[in-house]
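Below you'll find the structure, written out as structure tokens, and then a few comments.
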Amino acid sequence: MTEELTGRKEEIRLLDETYKTKGAGLVAVYGRRRVGKTFLIHTYFKKHLAFELTGMYNVSLKGQLQQFSKAMQKATGSACHYARRKTG
């Protein structure tokens, strides 16, 4: 797995450490555009990802929730709708 990730020793060490923990976890990967963040995560976790979502820049909460709903539906194979706030 790591042979495809040259020059990423520190990142791989951190991902190894996170992956080996017993409990649930969250990995937030951030940085400049076009430096391989998505490739790093896809390559490292390619056999282990059950669900992933990439946030969208400059999109409303409604748009983010709709994107989350679509991604969750795709991952689970079932309809999943975001909760709507009751008004009135």
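The values are calculated or read from the model by the stated rules, or taken from the named source; none is laboratory data. Here the structure is a predicted model, which means the values were calculated and not measured. Note that each Cβ is placed from the backbone with ideal geometry, even for glycine, and that neighbours are counted across all protein chains shown. The protein model used for the area step is the full one, side chains on, heavy atoms only, and it has no ligands, DNA or RNA in it. Shrake-Rupley method; radii C 1.70, N 1.55, O 1.52, S 1.80 Å.
Filter the range 50-83 for residues that are exposed (fewer than 13 other Cβ atoms within 10 Å of the Cβ) and under 17 Å from Leu26 (Cα atoms) and give the result.
Answer for the range 50-83, where residues must be exposed (fewer than 13 other Cβ atoms within 10 Å of the Cβ) and under 17 Å from Leu26 (Cα atoms): Ala50, Phe51, Glu52, Leu53, Thr54, Gly55.
So which residues in the range 12-30 are modelled with pLDDT of 90 or more and in contact with a helix residue (DSSP H, G or I) (Cβ under 6 Å, 6 or more places away or on another chain), if there are any at all?
Once the filter is applied, which keeps residues that are modelled with pLDDT of 90 or more and in contact with a helix residue (DSSP H, G or I) (Cβ under 6 Å, 6 or more places away or on another chain), the range 12-30 yields Ile12, Leu15.
Report, ordered by the first and then the second residue, all pairs with beta carbons closer than 6 Å, sequence separation of six or more or different chains, a first member in the range 60-77 that is in a helix (DSSP H, G or I), and a second member that is surrounded by 13 or more Cβ atoms within 10 Å (Cβ to Cβ).
Matching pairs, first to second residue: Leu65/Tyr82; Ser69/Cys80; Ser69/Tyr82; Met72/Cys80; Gln73/Cys80.
To keep it simple, each residue is scored yes or no on (1) open to solvent by 60 Å² or more (accessible area, probe 1.4 Å); (2) not hydroxyl-bearing (Ser, Thr, Tyr).
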position	(1), (2)
Leu5	no, yes
Arg8	no, yes
Leu15	no, yes
Lys20	yes, yes
Ala24	yes, yes
Arg34	yes, yes
Lys37	no, yes
Tyr44	no, no
His48	yes, yes
